[in-house]
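To start, the structure under review is shown below, and the notes come after it.
Derivation of every value follows stated rules applied to the coordinates shown; laboratory data play no part. Nothing here was measured: the structure is a model prediction, and the numbers come from that model. Note that we place each Cβ from the backbone using ideal geometry, even for glycine, and neighbour counts take in every protein chain shown.
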């Protein structure tokens, strides 16, 4: 899935207008699909800036995003990162 996720990010980013927001979310706990995916995207995309809030009451900070781990009788794993397109 990591290869497909990389392709999706790279193909969608040019369609986003400057000042626009991209919310990257997965139902995964795998670093290569979550924090590592976003770190690699940020490294190759100079006009992408992290705007993920850190002052929320759920999940833990995980790189540029927030991570929830599966909980019995509750939810699956989840990750999200919020990015804004700015001038490079």
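Each of 60, 38 has some number of other Cβ atoms within 10 Å of its Cβ, and from fewest to most they run 60, 38.
Using r as the Cβ-Cβ distance of residue 49 and residue 74, and R0 as 25 Å, what FRET efficiency do you calculate, to the nearest 0.05? Computed FRET efficiency for residue 49 and residue 74: 0.20. For the chain, find the longest principal axis of its Cα atoms and tell me its angle to the long axis of helix 35-44, 0 to 90°, nearest 10. Once rounded, the angle reads 10 degrees. The long axis of helix 2-12 is offset from the longest Cα principal axis of the chain by roughly 40 degrees. Seen from a random direction on average, the alpha-carbon convex hull of the chain projects onto 5.8 square nanometres.
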